[in-house]
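The values are calculated or read from the model by the stated rules, or taken from the named source; none is laboratory data. None of these values were measured; they are calculated from a predicted model. Cβ atoms come from the backbone with ideal geometry, glycine included; neighbour counts cover every protein chain shown.
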Amino acid sequence: MHLRKTKTAKGRIYLAIVDSYYDKQRKMSRSKTVESLGYLDELEKIYADPIAHFQKRIDELKEEKNLRQAPINFTFYDSDRLCTDDTSLRKNFGYAALSQIYHELEIDKFLIHRQRHSKEQFDANTIMKMLVYSRLLSPASKKSSFDNREQFFEKTDYSLDDVYRCLSFLARHKDNLQVWLNHKIKENYGRDTSLIYYDVTNYYFESDDQNDFLRKGISKEHRPNPIVQMGLFMDNNGIPITYELFAGNTNDCLTYRPNFGRIKKEFDLGRVISVADKGMTTGDNIWYTINTPTKDGYVFSMSVRGADKEMKKYVLDEEGYTWLGTEYKRKSRKCPRTIQVTSQTGRKLKKTVDEKQVVFWSEKYARRARADRSAALAKAADLAKNPGSYTRATSYGAAKYVKKVDYDKDTGEILTASSVLEIDEAKLREEEALDGYYVLITSEMDETDDKIIDMYRGLWRIEESFKVTKSELEARPVYVWTRDHIEAHFLTCFVALTIARILETRLERKYSIGKLLESLSKADCTLIQQNYYLFDYYDGVLKDIGKALDIDFSKRIRTLGEIKKVLAGTKSKNTP
């Protein structure tokens with residue numbers, strides 16, 4: 001800030017207080033007239049020494065500025081800027097919270113180190129940050145995220161081609177990055193891997209084309225598009241550990257052993273108890289788990305309706321149950337069970353394992369089963385009347401309640417029945433009798449029934465994680481096609497999910513991930529003038545995030561310098 005003396009054509013000197021600054025948007029020096037004072041000869045009639053008087057005034061204004069008092073008079077609309085196509089007046093500041101966790105995990109250090117001796121010209125760390133922050137706050141395609149990269153106060157000097165080249169780079173390092181993240185999570189926050197949860201879901205592509213990886217399979221969302229399978233392991237705090245992708249037509253149970261083997265080999269977790277639903281309950285998976293060097297354990301559910309007669313008889317026998325209230329009961333037994341295991345040569349071998357089997361019944365689950373079946377029965381009734389309107393695919397869930405349904409092996413169409421189709425009443429009665437029952441099998445012989453049941457119920461967190469990736473992170477439909485690009489897409493989703501889970505944990509799960517991301521995405525600011533930004537959103541969620549991460553989201557006006565200082569603070573390693 002200085003006193004400007006402008007000499008007119010008639011030789012008079014006009015005084016004004018002017019503040020100069022560098023406009024980073026237009027990359028040029030600019031100035032703003034703070035106060036117009038008047039002609040020197042007229043001011044000399046009022047002040048003995050106008051220059052000294054107004055220099056003192058400038059010192060006062062500088063002191064006010066140092067106290068971070070923003071100018072009162074802003075020009076909110078600058079037509080020159082609004083007409084510039086490549087200028088973004090609106091930016092997000094909420095990503096400062098994500099930046100802090102990103103750098104606590106030292107993802108930047110990992111990528112910079114991996115790229116140090118490579119020939120790539122792009123900055124992988126800069127692109128990774130853009131992809132992860134965009135996935136969390138404004139999920140979109142890679143091109144849309146690139147087009148909107150100006151929304152963050154980060155470097156933007158890379159091309160769309162650089163983004164796609166970077167995807168191949170990220171795919172090459174995806175496994176090592178997951179190991180790195182595990183190490184940093186243990187170091188910074190601690191990991192509870194006494195229990196690890198495993199589940200599988202799939203993601204569909206905006207395409208009908210298949211290859212050896214994108215395959216049509218049993219879609220969780222009942223869509224006809226090609227899919228890929230994802231197997232995900234999560235720790236006891238709900239924070240992801242690792243994931244692996246599989247071809248879309250891979251059976252769920254076949255994804256467990258490759259993922260579990262990788263965890264045991266690379267992640268240094270010690271003995272673990274693996275918890276999964278009935279899709280993982282095979283002899284091969286059980287035998288593999290208990291025969292690791294650390295003799296790991298398992299808590300798996302078992303299909304009651306698919307069990308043998310002896311197990312069903314035990315489940316339905318009232319003897320041994322302990323009732324807790326009128327809507328819940330449980331019992332257990334310890335007994336050896338024969339399982340079938342595939343040898344390295346492909347032979348099927350019979351092995352005996354010692355297990356504890358825990359059975360529980362819940363009225364709530366029974367009501368849910370009856371409600372789910374009512375829709376299937378309505379469909380089954382229509383199938384019996386109009387078999388020509390259904391195929392194997394469209395009759396799924398209902399055909400088991402109809403007698404004598406045969407399908408064409410090639411087309412999947414229902415063949416002309418040898419007799420009138422009718423509801424299988426015996427099958428219906430059998431299923432109704434098993435409503436509300438669950439069977440858990442475990443290697444943990446000395447754990448209490450309630451503890452085993454609590455272990456299994458923790459699976460809801462991994463199911464919720466899949467919902468987060470599909471809703472808040474919009475991981476599907478997928479718009480990339482090559483194997484490298486697909487792998488990198490899900491790596492960025494995995495990193496985004498990990499950061500979101502850590503943020504949720506730092507706030508002691510007071511808010512859902514959706515609520516946290518919603519508030520951070522609204523924490524925007526607008527460039528109004530002279531490198532000042534106006535912040536127009538603040539709520540209780542941002543207040544709590546700010547307390548947990550020591551970031552002030554409450555200020556209404558900040559200079560660009562102040563904003564960059566806050567962001568720079570998030571990039572220095574701050575172990576919580």
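Some values worked out for this structure:
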item: Complete set of residues in region 281-299 that are of a type in the set (S, T, N, Q) and in a loop (DSSP other than H, G, I, E, B); result: THR281, THR282, ASN291, THR292, THR294
item: Check on ALA496, of a type in the set (A, V, I, L, M) and either at pLDDT below 95 or more than 20 Å from TYR197 (Cα to Cα) (or both); result: no
item: Leading residue by the ranking (nearest to VAL228 (Cα to Cα)) among those in region 152-207 that are of a type in the set (Ser, Thr, Tyr) and out of contact with any helix residue (DSSP H, G or I) (no Cβ under 8 Å at 6 or more places or on another chain); result: TYR204
item: Scope region 129-151; condition small (Gly, Ala, Ser), touching a helix residue (DSSP H, G or I) at 6+ places or on another chain (Cβ under 9 Å) and assigned to a loop (DSSP other than H, G, I, E, B); matching residues; result: SER138, ALA140
item: Scope region 139-155; condition of a type outside the set (Lys, Arg) and surrounded by 14 or more Cβ atoms within 10 Å (Cβ to Cβ); matching residues; result: PRO139, ALA140, SER141, SER145, PHE146, ASN148, GLU150, GLN151, PHE152, PHE153, GLU154
item: Scan of region 334-376 for residues that are part of a strand (DSSP E or B) and of a type in the set (S, T, N, Q), ordered by number; result: THR338, GLN340, THR342, THR352, GLN357, SER362
item: Qualifying residue in region 105-112 (condition: surrounded by fewer than 21 Cβ atoms within 10 Å (Cβ to Cβ), closer than 28 Å to VAL566 by Cβ, within 22 Å of the chain's Cα centre (by Cα) and acidic (Asp, Glu)); result: yes
item: Some residue of region 150-167 being in contact (Cβ under 8 Å) with a residue 40 or more places away in the chain, outside the structural domain of GLY248 (by TED's automatic domain parsing) and closer than 30 Å to PHE260 by Cβ; result: yes
item: Conditions (1) surrounded by fewer than 16 Cβ atoms within 10 Å (Cβ to Cβ); (2) at positive phi; number of the one not met by LYS510; result: (2)
item: Total residues in region 448-468, condition of a type in the set (Gly, Ala, Ser) and not in a helix (DSSP H, G or I); result: 1
item: Per-region count, region 311-342, residues exposed (fewer than 11 other Cβ atoms within 10 Å of the Cβ) and of a type in the set (Gly, Ala, Ser); result: 1
item: Pick from region 1-48, criterion part of a loop (DSSP other than H, G, I, E, B) and loosely packed, with under 11 Cβ neighbours inside 10 Å, ranking: modelled with the lowest pLDDT; result: LYS27
item: Criterion (modelled with pLDDT of 95 or more, out of contact with any Leu (no Cβ under 7 Å at 6 or more places or on another chain) and surrounded by 14 or more Cβ atoms within 10 Å (Cβ to Cβ)) met by exactly one of LEU549, LEU560; result: LEU549
item: Count of residues meeting criterion [among the small types (Gly, Ala, Ser) and farther than 23 Å from VAL480 by Cβ] in region 180-223; result: 2
item: In region 255-304, residue surrounded by the most Cβ atoms within 10 Å (Cβ to Cβ) [restricted to those that are touching a strand residue (DSSP E or B) at 6+ places or on another chain (Cβ under 9 Å) and small (Gly, Ala, Ser)]; result: ALA276
item: Any hit, region 207-220, residues being of a type in the set (Phe, Trp, Tyr), in contact with a Lys or Arg (Cβ under 7 Å, 6 or more places away or on another chain) and touching a residue at least 12 places away in the same chain (Cβ under 8 Å); result: yes
item: Complete set of residues in region 115-142 that are at pLDDT 95 or above and basic (Lys, Arg); result: LYS129, ARG135
item: SER145 vs. criteria under 22 Å from the mean Cα position of the chain (by Cα) and outside the structural domain of GLU463 (by TED's automatic domain parsing); result: yes
item: Helices (runs of 4 or more DSSP H) wholly inside region 469-576 that include at least 1 residues being polar (S, T, N, Q); result: 483-506, 513-522, 560-571
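Okay, residues lined up against (1) β-branched (Val, Ile, Thr); (2) out of contact with any strand residue (DSSP E or B) (no Cβ under 6 Å at 6 or more places or on another chain); (3) not assigned by TED's automatic domain parsing to the domain that holds TYR511:
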{"site": "TYR533", "(1), (2), (3)": "no, no, no"}
{"site": "ASP539", "(1), (2), (3)": "no, yes, no"}
{"site": "ALA548", "(1), (2), (3)": "no, yes, no"}
{"site": "ASP552", "(1), (2), (3)": "no, yes, no"}
{"site": "LEU560", "(1), (2), (3)": "no, yes, no"}
{"site": "ILE563", "(1), (2), (3)": "yes, yes, no"}
{"site": "LEU567", "(1), (2), (3)": "no, yes, no"}
